[in-house]
Amino acid sequence: MSAAAGIKSIREAYGKALVQLGQINPNVVVLDADLSKSTMTRIFAQEFPKRFFDMGLAEQNLMSVAAGLAASGKIPFASTFAVFATGRAFDQLRVSIAQPGLNVKIVATHGGITVGEDGASHHAIEDLALACALPGFTVIVPADAPEAEQAVVMAAQTSGPFYIRLARPSTSVIHGPGYRFHLGQAEELRSGGDATIIALGLMVVPALEAAVSLEAEGIRCRVLNMATLKPLDTEAVVRAARETGAIVTAEEHLQHGGLGSAVAQATAQACPVPMGFVAIRDVYTKSGKAEELLRSRGLTARDIAGAVRAVVARKGR
Amino acid sequence: MPGKDPLLHSSVSLPEASAITSAGASSASREWVQGLSQTAKRLRRHIVTMLAEAGSGHPGGSLSAVDILTALYFRIMRHNPRQPRWPDRDRFILSKGHAAPALYAALAEAGYFPVEELRMLRRLGSPLQGHTDMTATPGVEMSSGSLGQGLSFGLGVALAARLDGKDYRVYVLLGDGECDEGQVWEATMAASHLRMDNIAAIVDRNQLQLDGWTRDIMSLEPLAEKWRAFGWHCLEVDGHDVEAVVSALEASRQVKGKPTVIIAHTIKGKGVSFMENNVDFHGRSPNAQELAKALEELS
């Protein structure tokens, strides 16, 4: 694992990746729903005003218009906040995009509870469950700016509907300049044989921190960055179960319907092992600073470490 | 009226359609109108027959849309049934997806697939899904069935035409009950904001929705004024006068800088006396006796 090489905005990486794509492919178009300053699609809009469409506060229209563009050979990137992209326009994702399998790339920012002060209406804690529920969708949650950039480029190059969830806060950069994102493949960030921590998005950094602190106690953890949530790299999950005998998942999402559920399903079928789930329980969160909310919902390195100790204790019982 | 501008663009390759395209002189005008009326009648026969065979489906809103579809597929649109994905084709988008049987009948008559396939409607493994599915049926441009999404989808298709510098036109057929959906008005606002003049909406104003008369369930009037207030050029026609529908669709091509909507006043179940204005036939297929009677009336 490489130590944090500074802090970078994931959203800005997205905007810049769009400009790159716009330069190489004239079919790339971008749509937003009056949030382009927050989603950073504005960076693309400034460069390619004719290929940018601000649909106003109308997310349902946004998604079906994107579908029509995709059906006509365009590669539309549609952006808004994660709560609106999935919650407000779910039926459009389902009927206009998923059922015909159209080539629409939904890049939703402000995922999870680290939106913070905006409160429960803006906390996207169900979006991964909703996106994963759509047959044919690829679902990606990048851990840092370089991964976000590469995931966006990969999405443009891969046919079919994508849901990419980006976090609002700037995050520690864990990937060096030589990093290559591989769609559908878990990235092993740290090796270890006593337990595996599988994390995505903003929880990857605390997962690594937890692994470091556990090593001091003699528990060696494998850490997997599961940036592609769907289709899940079940091979890596099952290998982790077989080789380390215990798994903890960590996600900034509800406990059901996201990473934990998917991993549990994979292990239950092939190699059941003790599992722990670091995730949000069945409850909404109130306003607060991102750090405070992560603490209050048990989404810190300490919580992950605690969960690992618990599953290791259950091993072989 | 139809004489002044023969359909230069129309490339339908069927014998019947080529005959239509060559109709130019006003002396021939009755002929093409009669031709369209005959086509419309065949579509209606296909619709009741396939629905009876399927044992389920939506006759009312299919029959009300027949003359609009006839005008589009056999007079107005530039399309080629042998090349359903021809990039320069005009696009027809059926937003009221439950009228799929009407679209399937038009596509079969136009030559996209054999008329015999219509009997496969709603069967397992059939290309003719209960509601339109663009991945299953040649000539179907959009998957629908959840109301309110077609105008937005059509707007996306029209934007692609603008970006690509193509001159194809997009026609979207909506139900009147469908106009209850908020997304219709999101799309309406966006299309006029973007000054889209390569898209036309047609509202099948048959005044009935599943639960009853639109005026009782959710008032739509003044419908034309609503569309105008949203920045659209609005025309109203008798949706069963195929010549008037053709004329309105031709007029929609001439409108620049804004989209056009044609409110087509229709009768739900049109052409079959006991289905007309009968909400019972919104979503119920005819039984064998009803089919026999319907076909007799449509002979």
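When Rg is the radius of gyration of the Cα atoms in the protein assembly as shown and Rh is its Kirkwood radius, what does Rg/Rh come to? In the protein assembly as shown, Rg relative to Rh is 1.06.
Taking 24 Å as the straight-line reach from the Cα of A:LYS289, the lysines in range (excluding those fewer than 8 positions away in the same chain) are A:LYS8, A:LYS37. Modelled this way, with points 7 Å down the Cα-to-C-beta line, the labels at A:ALA270 and A:GLN157 are 2.6 nm from one another. Once you sort the root eigenvalues of the Cα gyration tensor of region A:82-197 as a ≥ b ≥ c, which label holds: rounded (a/c under 1.5), prolate (a/b larger than b/c) or oblate (the other case)? Because a/c hits 1.5 or more and a/b fails to exceed b/c, region A:82-197 counts as oblate.
Ranked for footprinting exposure by Cβ neighbours inside 10 Å, fewest first, B:ILE217, A:ILE24, A:ILE197 give A:ILE24, B:ILE217, A:ILE197. For a test of the definition: using alpha carbon positions, the gyration tensor, and the 1.5 limit on a/c, classify region B:163-299 as rounded, prolate or oblate. Taking the square roots of the gyration eigenvalues as a ≥ b ≥ c, region B:163-299 is prolate. For Cα pairs less than 8 Å apart in space and 6+ apart in sequence, what is the mean separation divided by the residue count of chain B, i.e. the relative contact order in percent? Reported relative contact order: 22 percent. Short-range pairs are left out: with C-alpha atoms under 8 Å and at least six residues apart, the relative contact order of chain A is 18 percent. Cross-link reach is defined here as a Cα-Cα straight distance under 16 Å, omitting same-chain residues fewer than 8 places apart; for B:LYS256 the aspartates and glutamates meeting it are B:ASP167, B:ASP197. Report, to the nearest 10°, how far helix A:234-244 tilts away from the longest principal axis of the Cα atoms in chain A, using its own Cα long axis and a range of 0 to 90°. Relative to chain A, helix A:234-244 is tipped by roughly 20 degrees.
Rounded to the nearest 20, the size of the Cβ-charge dipole of chain B about its Cα centre is 640 debye, with Lys and Arg at +1 and Asp and Glu at -1. Each eigenvalue of the Cα gyration tensor of chain A, multiplied by 5 and square-rooted, gives one semi-axis; in descending order these are 33, 19, 18 Å. Only Lys, Arg, Asp and Glu carry charge here, each on its Cβ (+1 for the first two, -1 for the last two); on that basis the protein assembly as shown has a dipole of about 960 debye about its Cα centre. In the protein assembly as shown, the DSSP beta bridges split such that about 15 percent are antiparallel, to the nearest 5.
Summarising the strand pairing of region B:180-299, around 15 percent of its internal DSSP beta bridges are antiparallel.
Per-residue ellipticity at 222 nm computed for chain A from its helices equals -10500 deg cm²/dmol, with DSSP H segments shorter than 4 residues left out and the rest contributing -39,500 (n - 2.57). Shape class of region A:7-172 from the Cα gyration tensor (axes a ≥ b ≥ c, square roots of the eigenvalues): rounded, since a/c falls below 1.5.
Tell me the mean residue ellipticity at 222 nm calculated for chain B from its helices only (DSSP H runs of n ≥ 4, each -39500 (n - 2.57), averaged over every residue, nearest 500). The per-residue figure over chain B is -11500 deg cm²/dmol. Considering only Cα atoms, the convex hull volume of chain B works out to 115 Å³ per residue. Where both partners of a DSSP beta bridge lie in chain A, what percent of those bridges are antiparallel, to the nearest 5? Given both bridge residues lie in chain A, the antiparallel proportion sits at roughly 20 percent.
Projecting the Cα positions of A:GLY260, A:VAL238, A:ALA151 onto the charge dipole of chain A (unit charges on Cβ atoms of Lys, Arg, Asp and Glu, taken about the Cα centre) puts A:VAL238 furthest along the positive direction. Hydrodynamic analysis of region A:187-314 uses the Kirkwood radius over alpha carbon pairs. Inserted into Stokes-Einstein at 37 °C and 0.692 mPa s, it gives a translational diffusion coefficient of 231 µm²/s. Put in order of Cβ neighbour count within 10 Å, fewest first, the listed residues B:ARG284, A:ARG317 become A:ARG317, B:ARG284. Distance between the C-alpha centers of region B:154-222 and region A:82-158? Whole Å please. Centre-to-centre (Cα) distance: 27 Å.
Relative contact order, whole percent, for region A:7-172 stands at 29, derived from Cα pairs under 8 Å and 6 or more residues apart.
Each reported figure results from applying straightforward, stated rules to the coordinates on display, with no laboratory input. Quick caveat: nothing in here was measured; it's all calculated off a predicted structure. Note: ideal-geometry Cβ built from the backbone for every residue, glycine included; neighbour counts use all protein chains shown.
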